[in-house]
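The values are calculated or read from the model by the stated rules, or taken from the named source; none is laboratory data. Quick caveat: nothing in here was measured; it's all calculated off a predicted structure. Note: ideal-geometry Cβ built from the backbone for every residue, glycine included; neighbour counts use all protein chains shown.
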Amino acid sequence: MIHATIQTRTMAAAEKLTTQLMENRLLLFPTRDTDHEELSGRTVNSCAKASSCSGMTKGLLYSELEKAATALLGNDLVRVHAVPIAGMDAHTQRALLERTVKV
């Protein structure tokens, strides 16, 4: 299992992506961050505003999630990354296994 984060240029793009990923059963337990500021260069005063959506999925679905994000958002996509989940409660694990695409 992984926790995936997709950064977008606009909140509308994050909302659109979250909806599609959930409809395609590629992402569960989504959250959106509207106050994301990414530091640019070496100065703290220079920030790029961005939005992001994140959630949990199966590790084997990462490439499908990345493809869907790229196809849907094009230039509105900033970056996609994921980190492994070392452990989770039994209810969440069961939900991820049952409610995401079978691999």
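Among the residues of the stretch 62-96, count how many are loosely packed, with under 13 Cβ neighbours inside 10 Å, within 16 Å of Met22 (Cα to Cα) and of a type in the set (D, E, K, R).
The total comes to 1.
Any chance you could count how many residues in the stretch 1-25 are more than 17 Å from Arg79 (Cβ to Cβ) and not basic (Lys, Arg)?
8
How many residues are among the hydroxyl-bearing types (Ser, Thr, Tyr), in contact (Cβ under 8 Å) with a residue 40 or more places away in the chain and in a helix (DSSP H, G or I) when one looks only at the stretch 62-103? Even if it seems obvious, please write down each step before you answer.
Restricting attention to the stretch 62-103, the residues satisfying the condition of being among the hydroxyl-bearing types (Ser, Thr, Tyr) are 62-63, 70, 92, 100.
If we keep only those that are in contact (Cβ under 8 Å) with a residue 40 or more places away in the chain too, we end up with 62, 92, 100.
Still in the running and in a helix (DSSP H, G or I): 62, 92.
Going through the stretch 62-103 one residue at a time, the tally reaches 2.
Which of (1) surrounded by 14 or more Cβ atoms within 10 Å (Cβ to Cβ); (2) at pLDDT 85 or above; (3) under 28 Å from Asp89 (Cα atoms) does Asp33 not meet, given it meets every other one?
(2)
Residue-by-condition table, conditions (1) modelled with pLDDT of 95 or more; (2) surrounded by fewer than 20 Cβ atoms within 10 Å (Cβ to Cβ); (3) under 10 Å from the mean Cα position of the chain (by Cα); (4) not in a strand (DSSP E or B):
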{"site": "His3", "(1), (2), (3), (4)": "yes, yes, yes, no"}
{"site": "Ala12", "(1), (2), (3), (4)": "no, yes, no, yes"}
{"site": "Leu21", "(1), (2), (3), (4)": "yes, no, yes, yes"}
{"site": "Gly41", "(1), (2), (3), (4)": "no, yes, no, yes"}
{"site": "Gly55", "(1), (2), (3), (4)": "yes, no, yes, no"}
{"site": "Leu60", "(1), (2), (3), (4)": "yes, yes, no, yes"}
